1. A:ILE948: β-branched (Val, Ile, Thr), surrounded by fewer than 23 Cβ atoms within 10 Å (Cβ to Cβ) and farther than 15 Å from A:ALA567 by Cα, yes or no?
2. Any idea how many residues of segment A:914-962 are within 30 Å of A:VAL713 (Cβ to Cβ) and in contact with a His (Cβ under 9 Å, 6 or more places away or on another chain)?
3. Test each condition in (1) surrounded by fewer than 19 Cβ atoms within 10 Å (Cβ to Cβ); (2) of a type outside the set (D, E, K, R); (3) on the phi > 0 side of the Ramachandran plot; (4) not in a loop (DSSP other than H, G, I, E, B) for A:GLY155 and report the one that comes out false.
4. Taking the options A:ILE758, A:ILE709, name whichever one is within 34 Å of the chain's Cα centre (by Cα), β-branched (Val, Ile, Thr) and open to solvent by 40 Å² or more (accessible area, probe 1.4 Å).
5. Which of the residues belonging to segment A:558-601 are at the interface with chain B (Cβ under 8 Å from one of its Cβ atoms), open to solvent by 10 Å² or more (accessible area, probe 1.4 Å), in contact (Cβ under 8 Å) with a residue 12 or more places away in the chain and over 20 Å from A:PRO659 (Cα atoms)?
6. Could you count how many residues in segment B:163-186 are surrounded by fewer than 19 Cβ atoms within 10 Å (Cβ to Cβ), within 11 Å of chain A (Cβ to nearest Cβ) and in a loop (DSSP other than H, G, I, E, B)?
7. Going by what's in this entry, would A:MET244 be described as within 30 Å of A:ARG682 (Cα to Cα) and either modelled with pLDDT of 90 or more or of a type in the set (Lys, Arg) (or both)?
8. Considering only segment A:558-577, how many residues are in a helix (DSSP H, G or I) and acidic (Asp, Glu)?
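The values are calculated or read from the model by the stated rules, or taken from the named source; none is laboratory data. Bear in mind that the values here come from a model prediction, so they are computed numbers and not experimental data. Quick reminder, even Gly has a Cβ in these numbers, built from the backbone with ideal geometry, and neighbours come from all protein chains shown. Remember, those area values only see protein heavy atoms, side chains included, never the ligands or the DNA or RNA. Shrake-Rupley method; radii C 1.70, N 1.55, O 1.52, S 1.80 Å.
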Amino acid sequence: MRLGSGAFAACCVVIEVLGVALFLRGFFPAPVRSSSRAEQRAEPAAPEPSAGASSNWTKLPPPLFKKVVIMLIDGLRDDFVFGSKGVKFMPYTTYLVEKGASHSFVAEAKLPTVTMPRIKALMTGSLPGFIDVVRNLNSPELLEDNVITQAKAAGKRIIFYGDETWVKLFPKHFVEYDGTTSFFVSDYTEVDDNVTRHLDKVLKRGDWDVLILHYLGLDHIGHVSGPSSPLIGHKLREMDSILMKIHTSLLSEERETLVPNLLVLCGDHGMSETGGHGASSMEELNTALILISSAFERKPGDIRRPKHVQQTDLAATLAIGLGLPIPGNSVGSLLFPTVEGRPVREQLRFLHLNAVQLSKLLQENVPSYEKEPGFEQFKMSERLHGNWIRLYLEENNSEVLFNLGAKVRRQYLDALRTLSLSLSRQVAQYDIYSMLVGTVVVLEVLSLLLLSIPEALSNKAELEVPLWSPVFSLLFYLTLLVLSALHVIVCTSAESSCYFCGLSWLTAGGVMVLVSALLCAVVSALAKTFGDGKFLSKNSAHPKPRWSELDVLILLGTMGHVLSLGASSFIEEEHQTWYFLINTLCLALCHEIYRNCLLRDDSEPQQCPHVEEEFIRTAAALQDRSTGCDTLEPHGVSRSLTSLDTLRGYEKWMVLASPWVILTCCRLLRSLNQTGVQWAHRPDLGHWLTSSDHKAELSVLTALSLIVIFALVQRKCSLTSKVALALGLLGVYCYRAAIGNVLFPWQQDSKDISKGVIEARFVHVFVLGILFTGTKDLLKSQVIATDVTIKTVGLWEIYSGLVLLAALLFRPHNLPVLVFSLLIQTIMTKFIWKPLRHDAAEITIMHYWFGQAFFYFQGNSNNIATVDISAGFVGLDTYIEVPAVFLTAFATFAGPVLWASHLVSFLSSETSSGSALSHACFCYALICSFPVSAYIILVTSLRYHLFIWSVFSPKLLYEGMHILITAAICVFFTAMDQTNTKS
Amino acid sequence: MKDTDIKRLLYTHLLCIFSIILSICIPSFFLENFSILETHLTWLCICSVSVTAVNLVLYLIVKPNASSKRSSISYKVTRFLKCCIYFLMSCFFFHVIFVLYGAPLIELVLETFLFAVILSTFTTVPCLCLLGPNIKAWLRVFSRNGVTSIWENSLQITTISSFIGTWLGAFPIPLDWERPWQVWPISCTLGATFGYVAGLVISPLWIYWNRKQLTYKNN
């Protein structure tokens, strides 16, 4: 079957996406789960252990507290309470921590430090898998066993005010609730007022048992202006006063009922130095956790440092405190200080309950649980506990009883710690089989791509795909047979769950057919290449095209980037790699330009043809001897002589200046958004612009950027789309003014802030309009097939539609990124690619490099926290999944997408040869799939690395998304190529 | 003829390497607390001065490009002044390039500039000694097939290897090993130095190995 190399590459990338998806499914492990679901848990609580004499206490112990108030402050990191900020802004809380009846802890959150997984961790005590981040956008109902469900089952009345995520997680659990959306990040007063306004009313009433308050304002302030903003102080003071109000009200109630209540102040995750969260810096992981109750005794002068505990410990503690069974999946251990005031028998009972639950979870998740040290410790402490109970029931000497009790307690605490630790470690279990199958698919596709390079990049840009003959070959059937046998063996013997085995037989069979067909294709391509290789070596008289310095740089850069993915620091600072590479690329281009221009100037007037001739003769002589010295090669010079000669004076100066202009642009962009980890805290222009003091500057910059965007984009558009573009850009400014980012000149103070839905929709209409016009032009060019310019205009219109969408979705200070991207594209087109006549492959790879660099110029990094989720809500009233995901993905990957679409329109308008587009498509597919494949192997080998969750996994998600987008781009390329060949 | 030339080249290069080694060893006798990493800037100055001095002295003694036609004092003075200006310009040029590569604009200006100075010492000073303040000759030497003697050939190799060394020297900066030599611009200056030394070692050897194939216009 003959295929164009573009179509071939597109097919390959699509198959690769399947492989990567399978790998990802296997890589992100399912979290530790207890087999019994929440509904089925009707089993009785574990009775007290006893040795000999039977204990009379088999029911669950009664609740310790009458009412529980959980005050969850989003983004409350530990030093906001225990540090200098706490002392300054939260005087009441500080008083409680230092002198009051309270226990304070530094609770360590686990990755990912994003709100929804953290809420799940707090309420279930389990560790949600990493993949929960991806599902963070639409949180489905929580089906796992958790404290809230247990409390509802026990007839407790729960009231909730705060983040809507809770209402989604627990849709039918609250007797009364009011969800606030974290929809609008720049609002940090309204969200909290919406919670507090119910407080007075609710505190007066007595008809509830659990009150949950989730305050979002602090986190919003962090996102907008960082943890050192003065707004944080105001917010903390507000929170302090709320805490005081709740506490005094609870105390006054206790005076009447004489039953202690519990007030929990906690954070879900911390806040990094830049104000975001999602990663694993200490600031993001450490949250404050304070338990306040009059039941906690405290001697005066007893000053304690807050102890470090796990966030998951809260679920077990709450369950005990409310007299509920501990959630089945909880890996946390009871916070012992909370029960310290109770009699020893009760204390031991609580510890025993917790240990039984943990050991059961261990039994269900670890095959060899009996050898676990935690389990042994538990068995031993259970035995001791039984002895203690016997002594207790025999009413023995109190001294002996006390000593033994202390020993049992210590044993239990040790056992709990060990059990909880080994359970947390269980989370990282990989589904190796699915990962392997995915890797095999990806590698086969990559080797197919690599093997077909010479054929695909030939002038014809077509290649014979050996697909049908191998399907009927023996090798194919043999491989299929072996694979099926392997599949059966693996799936029947596997103990842990395996996604690929869980697939239906038809799907799994399809994948295996694919794997073996690809294997046959690779083998036949290999055979062909070696055959050709022998053929070539026989008559290698015709000289192979030599590599220019630029090609060497491109090759080394790509290889170097792939190798750098093995180091966690290089992944964290990947933007540095790309900036470094494009700078070097610009300097190499600069070198090429100067050599061509200046040496021509020299040699023409001064040196006579004689020298020239000798020059060429020497070169030829050197080539004949083939010394292997690549520097002596006239190829690059001769290629571009003709084109540079034709340039006139001013253009020549522009050509000479262009690399420096590009370098300056890149340097400016680099200081716009500091990203990565090591230097992320450095001050950058972006923060300066977004701070509220510089609204006027931001407005001017935005207006200026929009004007420049219009000027740069409109020149190749048709009249209708010009008008649409102008109106659309005007709409972008109105939208930004509506959401309060920028000001109109006549509007002095920011008045009401809205979501800007109408304005955004106005822009969306124009985006769709321009895209529609472009598509119409493309179709027309396909039907009429006479005019090439219609197609060029159509492609440019699609490109400008995307630019308009990006202008709408970008963060307010990021419009200059768009401007500089357009500027660099224009300069490169006019003064570098056209005069120097690079071939399609080189231009493609340069586009790819710049696209990657612009991905980071936008402020992205290989960290989930930098994804701008608010882009998904532009122009939407409520959360709708498909458009939100699409808009967020586009806003995140705008850099690569815009550069790729520029590549299509540039190649189809500039180059005369018809095969340029398919060459470009092939190169794009190859250069994108190379890092992905290498990274998959790297991650597999580094899967027990310390930073696998914090550094490598987010990067893996980014790579998966990138290959998906590449597939879309390649399909688009191929579609354009098809219309080209038809016309 | 050729072999003696190569031998002379080798000796001059060895002297250059020796000067770098001296710049590391000698100051510790005179200055307290001298070490390359801690008093990096001092070392940069000393190294730059010593390499420049050795280059000048060697140039005066060896005189690789044989005859300069005019030898009036005023010509020599203007030539020397021109060389100084070129050197300063190249320092500023490198400084600008470092900033474009991402060096901080305002902080650590002195460090960045001294780094530019040492890179100029390794690259521009030999060029100035050998070719004089003549941009066209420079461009000729640094383009393909423009080399006319083993001296120029070795100049090409040492300069390019200094640049490559500098370029590679930037790689360890993002790594989180927290070593003192990862601080800007120490790894780059060390990279430049290693690149320069490597170029000094490689170029005579390379020329010796390829002496049969190398044909120069003048020799």
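1. So A:ILE948 fails the test.
2. 3
3. (4)
4. A:ILE758
5. A:SER568, A:GLU572
6. Count: 7.
7. When the stated conditions are applied, A:MET244 does not pass them.
8. 2
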